[in-house]
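A quick write-up on the structure given underneath.
The values are calculated or read from the model by the stated rules, or taken from the named source; none is laboratory data. On a predicted model such as this, the values are computed, not experimentally measured, just so you know. Ideal geometry is used to build each Cβ from the backbone, glycine not excepted, and the neighbour counts take in all protein chains shown.
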Amino acid sequence: MANPSTPSAQPRLLLGCIADDFTGATDLANNLVRAGMRVVQAIGVPDGPLGADVDAVVVALKSRTIAPAEAVAQSLDALRWLQAQGAQQVYFKYCSTFDSTPQGNIGPVTEALMDALQCDFTIATPAFPDNKRTVFKGYLFAGDVLLNESGMQNHPLTPMTDPNLVRVLQAQCQRKVGLIDHAVVARGAQAIEERIAQLKAEGVSIAVVDAVSNDDLLRMGPALAKLPLLTAGSGVAIGLPANFGLAPSSQASALPPAGGKQAVVSGSCSLATNRQVQDFVQRGGAAMAIDPLRIAQGADVAAEVLSWATPLLDKGPVLVYSTAEAGAVKSVQGQLGAEQAGAMVERTVAAIARGLVERGVHQLVVAGGETSGACVQALGIAQMQIGPQIDPGVPWCHARSDAAPASGLHIALKSGNFGSDDFFTKAFLVLG
Ligand code: ADP
């Protein structure tokens, strides 16, 4: 697959991305693919060189809430690997709700990357209007309310009590933080570039940039072309591929042809996933629930599920789920402890996912963020090529796994609240 900007003789990475969590990495990769880039997501920093000819790589870390020094070390490790692949521009991706503690990790990681790249200016904008995250006058809105009224003020790990991102980021940074406000963004790329020059002259090194619409993000794109480092949510990505001469195309999301049997495993207990399980069952799909209490009693639930599923796999997709409503989850957590119950269910669902793939399932949907992490690990997946979108934020991917044949498998990782009610049926139709 030749690409005008990446001569096939010497593949050169256009954009190297570092994401601070797993499903956030997929979200970014999905936006880049939709804007025309061929993208691979790596699970952690790869051991060796990139084995694929792609435009962008997103290295997925789990660095959002770890100690700042450790987040910096992991991010620099990812940067060194991306530089070794020839990355022309670096993108540090964090959450669209700017999830961070007073110590970081957005500020410390940004400054460490700036030091390493000898970069004297970068931006910071979590705006993702498609997901109702907008930034105006430096204030972050989630839906119709300010960040600190959105529920994020009560987040267990990263409570966000100040919606003013200039203040929040300044508290985490040594460098001076400023603002490129909407009046400038609305005037377009040249006005943004002039404002960057002005801020630099004033000693500002990092600017929060307002954006309330995709048009703002697209206007921003050309003004960012020359910056070695960008820091943002996934929204800014939509304006970048055009800087490299790339336009949206179905080629960007092309995956090898899909084959094999089909299954869904779900460890998510979100409202959306509960509706999706119910929808699949109501349509007459073959489905089996996992009872966490039986796992706790020592029953080999994975083996039971696999012997139930094996004869059914020829007839169509099967669904295996621990998904339950809030009351049932609370009751299980009360008996087993929340962390213990979670880890136990994750291990079981991941063992089932692996068993299904070994039994010929090569189209697998996984529901749940943590559950996805456990399944990807159990399947020994190191990287995923990003393909067509099923629903916003959830693409099909193609991956190699030691549980699958050499042709690999197709896998879709759905974080809890994503996807329409018929997601578990619709997903397989997208692969055709
Ligand atoms: P989401 O993306 O919806 O947050 P996750 O997979 O990230 O989904 O988190 C769901 C957590 O709940 C996982 O740790 C999972 O193992 C756990 N879990 C799943 N089903 C149950 C259940 N029936 N009772 C208790 N915990 C459960």
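A few comments on the model shown:
- Thr323 being out of contact with any Lys or Arg (no Cβ under 9 Å at 6 or more places or on another chain) and not in a helix (DSSP H, G or I): yes
Condition check ((1) within 30 Å of Phe418 (Cβ to Cβ); (2) surrounded by fewer than 19 Cβ atoms within 10 Å (Cβ to Cβ)) across all residues:
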site: Gly104; (1), (2): yes, no
site: Met114; (1), (2): no, no
site: Thr122; (1), (2): yes, no
site: Glu149; (1), (2): yes, yes
site: Pro163; (1), (2): yes, no
site: Ile192; (1), (2): no, no
site: Ile196; (1), (2): no, no
site: Glu202; (1), (2): no, yes
site: Ile206; (1), (2): no, no
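- Within segment 393-432, the set of residues being surrounded by fewer than 17 Cβ atoms within 10 Å (Cβ to Cβ) and within 16 Å of the ligand (Cβ to nearest atom) comprises Asn417, Ser420, Asp421.
- Residues that are surrounded by fewer than 19 Cβ atoms within 10 Å (Cβ to Cβ) and either of a type in the set (Phe, Trp, Tyr) or within 11 Å of the ligand (Cβ to nearest atom) (or both), drawn from segment 250-271: Leu271
- Within segment 146-155, at least one residue is in a helix (DSSP H, G or I) and either in contact with a helix residue (DSSP H, G or I) (Cβ under 6 Å, 6 or more places away or on another chain) or touching a residue at least 24 places away in the same chain (Cβ under 8 Å) (or both).
- Within segment 246-275, no residue that is assigned by TED's automatic domain parsing to the domain that holds Leu413 and without any contact (Cβ under 8 Å) to a residue 60 or more places away in the chain sits with its Cβ atom under 9 Å from a residue that is of a type in the set (Asp, Glu) and away from the ligand (no atom under 16 Å from the Cβ) at 6+ positions apart or across chains.
- Listed conditions (1) within 16 Å of the ligand (Cβ to nearest atom); (2) under 30 Å from Met37 (Cβ atoms) are all met by Val305, apart from (2).
- Strands (runs of 3 or more DSSP E) wholly inside segment 165-255 containing at least 2 residues that are farther than 30 Å from Gly408 by Cβ, modelled with pLDDT of 95 or more and among the basic types (Lys, Arg): none
- Listed by position, the helices (runs of 4 or more DSSP H) enclosed by segment 336-432 that each have at least 3 residues that are modelled with pLDDT under 95 and farther than 15 Å from Val320 by Cβ are 338-358, 369-378.
- The residue that is nearest to Leu356 (Cα to Cα), among those in segment 308-325 that are near the ligand (Cβ under 10 Å from one of its atoms) and of a type outside the set (Val, Ile, Thr), is Tyr321.
- Residue in segment 204-223 that is of a type in the set (A, V, I, L, M, F, W, C), over 25 Å from Pro129 (Cα atoms) and assigned by TED's automatic domain parsing to the domain that holds Tyr91 present: yes
- Subset of segment 58-71 [buried (at least 22 other Cβ atoms within 10 Å of the Cβ) and either hydrophobic (A, V, I, L, M, F, W, C) or at pLDDT 95 or above (or both)]: Val58, Val59, Ala60, Leu61, Ala71
- Unique residue being among the aliphatic types (A, V, I, L, M) and over 21 Å from Gln118 (Cβ atoms) when the list is Ile180, Ile206: Ile180
- The set of residues from segment 333-373 being near the ligand (Cβ under 8 Å from one of its atoms) and either buried (at least 24 other Cβ atoms within 10 Å of the Cβ) or without any contact (Cβ under 8 Å) to a residue 12 or more places away in the chain (or both) comprises Gln333, Ala338, Ala343, Val345, Val349, Ala367, Gly368, Thr371, Ser372.
- Of all the listed residues (Ala201, Ala189, Ala127, Ala116), the sole one being of a type in the set (Gly, Ala, Ser) and touching a strand residue (DSSP E or B) at 6+ places or on another chain (Cβ under 6 Å) is Ala127.
- Ala324 meets each of the listed conditions (1) within 17 Å of Val349 (Cβ to Cβ); (2) surrounded by fewer than 19 Cβ atoms within 10 Å (Cβ to Cβ); (3) of a type in the set (Gly, Ala, Ser) apart from (2).
- Checklist (1) away from the ligand (no atom under 16 Å from the Cβ); (2) surrounded by 13 or more Cβ atoms within 10 Å (Cβ to Cβ); (3) free of Cβ contacts under 8 Å to residues at least 60 places away in the same chain applied to Gly284, failing item: (2)
- Per the conditions (1) polar (S, T, N, Q); (2) closer than 25 Å to Ala29 by Cβ; (3) crowded, with 19+ Cβ neighbours inside 10 Å, the sole criterion not satisfied by Ser213 is (3).
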